[in-house]
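Notes to accompany the following structure.
The values are calculated or read from the model by the stated rules, or taken from the named source; none is laboratory data. Keep in mind the model is a prediction, meaning the values are calculated, not measured. Heads up, the Cβs are rebuilt from the backbone with ideal geometry, glycines too, and the neighbour counts pull from every protein chain shown. Note: areas computed on protein heavy atoms with side chains; ligands, DNA, RNA excluded. Shrake-Rupley method; radii C 1.70, N 1.55, O 1.52, S 1.80 Å.
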Amino acid sequence: MNETNPSGTQSIWMNSPVESVWRSLDRSLETDVCVVGAGIAGLSTAYSLSCEGKSVVVLDDGPIGGGMTERTTAHLSNVIDDGYVTIERLHGEQGSRLAADSHTAAINRIETIIATERLACDFERVDGFLFPAPGQPPERLEDERLAAIRAGLVGVERIERPTGPVLEPEGCLRFPRQAQFHPLKFVAGLAQAIDRCGGRIFTNTHVETVTGGEQVRIETQQGHIIVAQSLVVATNTPINDMVVVHTKQAPYTTYVIGARVPKDSVPAALYWDQADPYHYVRIQKNVAADAHDVLIVGGEDHKTGQANDGEERHQRLERWARERFPMMERIEYRWSGQVMEPTDGLALIGRNPGDTSNIYIATGDSGMGMTHGMIAGMLITDLIQKRANAWATLYDPSRKSLKSIGTFVQENLNVAAQYVDWLSSGDVKSEDRIPRKSGAVLRNGAQKMAVYRDEQGTLHRRSAVCPHLKCIVAWDSTEHTWNCPCHGSRFDAYGKVLNGPANSDLSPLET
Ligand code: FES
């Protein structure tokens with residue numbers, strides 16, 4: 001899905017644009033597999049299937065990697081962000097082992113593809129360091145170490161402190177053989193490889209409807225039809241499912257800064273802590289082609305559409321980072337991204353619940369979108385090729401987890417509470433109160449309006465009702481988007497849909 005919003009922030013990856021050679025779809029086609037979504041999940045699936053001889057068509061309504069792939073911090077890790085203690089509690093020791101195995105396999109698969117296809121994408125194997133949150137009981141870190149070892153991770157050790165950063169003084173865990181890369185360079189290379197294998201990629205092509213059956217019929221906004229034996233929906237959050245999947249995951253917005261640091265002053269590694277929400281850190285080398293590296297620091301998550309204080313969150317991240325990385329110089333990048341948090345900590349990958357057997361989804365990145373995306377590429381390929389896959393049950397989107405029922409109820413009560421916004425008066429009393437390059441929700445009789453005032457002072461009015469399940473959207477002054485507080489749909493300042501589950505724009509106002 002297209003995330004490009006002219007007024008929004010730019011991630012560090014968007015600063016080194018990758019040449020795009022792809023065109024939009026201009027005719028109807030038949031194919032074995034249609035993949036909707038050209039992020040890492042969609043492209044890794046398309047790559048595997050086209051290399052195995054399937055005819056594959058990829059569609060995306062934006063450019064390659066234009067969704068959350070360009071807003072990730074691209075940690076490649078087998079250390080699951082919810083922690084192995086939690087994963088073992090929710091999925092059992094065997095489930096925890098399979099989860100660890102799948103993320104390890106995903107990193108290895110990325111490394112293999114990079115070597116096979118000779119992709120220049122700054123891939124680097126690095127250590128990962130997990131730090132305790134300030135003041136947490138010391139046994140929590142040790143519990144995590146033991147759970148990670150039971151999950152089958154090798155070489156996990158407790159150390160007093162890694163060289164470089166000034167994080168918490170209580171010691172940390174070291175996880176060997178993690179990795180990092182440049183996500184946009186990787187997916188751009190993957191797209192070229194798909195093309196070489198005979199796959200066909202069409203960008204700036206919006207899928208309007210999906211009709212299941214023995215063959216799946218996909219219709220684009222321009223009226224072209226794709227008829228496919230199988231469909232893979234890899235649009236961050238599915239656009240083909242109205243309800244079921246969206247009760248199993250919740251959208252969170254996460255914030256990131258990128259700061260100059262003197263070259264080699266921070267060792268290349270992945271760093272996280274156990275705070276809630278947690279902080280995550282890495283280094284990107286050689287980006288500026290001068291004497292500096294870029295320190296990337298993320299965190300300060302909140303539920304999408306339920307806070308509008310991105311500037312303060314970026315400032316808090318900066319304060320947190322300066323205390324721990326005193327070599328930090330000026331901030332060069334500030335951006336945000338969206339994370340889909342599944343209620344039981346693992347992605348939802350496989351057959352779409354309630355559909356016939358030929359529609360597949362990949363969603364619920366859980367802050368590990370790069371590895372979960374690559375797992376989707378391997379797992380969905382096996383499902384389509386009718387091969388057994390040991391991870392299929394673990395990631396099955398139809399799974400039910402009684403052990404995560406508390407989180408499930410809590411998240412869905414939170415969604416229900418958002419409908420109260422229908423009764424509120426709005427953000428401001430009149431349109432005069434809306435500054436330039438800003439938006440606000442206003443009441444107009446029974447209607448709620450999403451009103452944006454552009455740079456020239458012109459007002460743009462749309463309905464504030466999200467076309468998905470009719471929650472009221474909220475203005476995001478960091479990204480200049482309208483965000484839905486229920487399931488995370490996002491729209492640009494003028495109401496154009498950027499991110500599902502909504503698949504259409506905010507409506508014009510009723511007259
Ligand atoms: Fe579901 Fe808006 S995303 S109601």
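Scan segment 331-347 and give yes if some residue there is within 14 Å of P238 (Cβ to Cβ) and in contact with a Leu (Cβ under 9 Å, 6 or more places away or on another chain), otherwise no. There is at least one residue in segment 331-347 that is within 14 Å of P238 (Cβ to Cβ) and in contact with a Leu (Cβ under 9 Å, 6 or more places away or on another chain). Evaluating Y419 against the criteria (1) at pLDDT 85 or above; (2) open to solvent by 30 Å² or more (accessible area, probe 1.4 Å); (3) among the aromatic types (F, W, Y) leaves one unmet condition, (1).
Listed by first and then second residue, the pairs with beta-carbon distance under 6 Å, at least 6 apart or on different chains, first residue in segment 240-256 and of a type in the set (A, V, I, L, M, F, W, C), second within 13 Å of the ligand (Cβ to nearest atom), are V245/P238; A250/E411. Six or more apart or on different chains, Cβ atoms under 6 Å: show the pairs whose first residue is in segment 475-496 and under 25 Å from V244 (Cβ atoms) and whose second is among the β-branched types (V, I, T). Matching pairs, first to second residue: W482/V473; N483/T304; C484/V473; C486/V415; G488/T304; R490/T481; F491/V497. Here L43 fits the description: aliphatic (A, V, I, L, M) and at pLDDT 95 or above. One residue stands out among those in segment 479-495 that are assigned to a loop (DSSP other than H, G, I, E, B) and within 15 Å of the ligand (Cβ to nearest atom): the one that is most open to solvent (accessible area, probe 1.4 Å), which is H487. Contact map, segment 181-196: first residue touching a residue at least 24 places away in the same chain (Cβ under 8 Å), second residue outside any helix (DSSP H, G or I) and of a type in the set (F, W, Y), Cβ cut-off under 8 Å, separation 6 or more or different chains; pairs are F181/F123; F186/F123; A191/W22. Considering only segment 291-322, state which residues are part of a loop (DSSP other than H, G, I, E, B) and open to solvent by less than 40 Å² (accessible area, probe 1.4 Å). Within segment 291-322, T304, G305, A307, D309 qualify.
Criterion applied to L413, L459, L442 was being at pLDDT below 80 and either over 30 Å from Y278 (Cβ atoms) or open to solvent by 40 Å² or more (accessible area, probe 1.4 Å) (or both), and the one residue passing it is L413. I need the full set of residues from segment 226-250 which are open to solvent by less than 30 Å² (accessible area, probe 1.4 Å) and touching a Lys or Arg at 6+ places or on another chain (Cβ under 7 Å), in order please. The answer is A250, and nothing else. Restricting attention to segment 430-478, the residues that are of a type in the set (D, E) and either over 31 Å from the mean Cα position of the chain (by Cα) or within 16 Å of the ligand (Cβ to nearest atom) (or both) total 3.
Look at (1) touching a strand residue (DSSP E or B) at 6+ places or on another chain (Cβ under 6 Å); (2) without any contact (Cβ under 8 Å) to a residue 60 or more places away in the chain; (3) open to solvent by 10 Å² or more (accessible area, probe 1.4 Å) and you find that Y452 fails only one, number (3). Restricting attention to segment 220-261, the residues that are away from the ligand (no atom under 16 Å from the Cβ) and either more than 20 Å from W335 (Cβ to Cβ) or within 24 Å of the chain's Cα centre (by Cα) (or both) add up to 20.
Selection of segment 95-117 for residues being free of Cβ contacts under 8 Å to residues at least 60 places away in the same chain and not polar (S, T, N, Q) yields R97, A100, A115. Residues of segment 49-68 that are open to solvent by less than 10 Å² (accessible area, probe 1.4 Å) and not in a loop (DSSP other than H, G, I, E, B): L49, S50, V56, V57, V58, L59.
Answer with yes or no whether G298 is modelled with pLDDT of 90 or more and within 24 Å of L190 (Cα to Cα). Answer is no for this residue.
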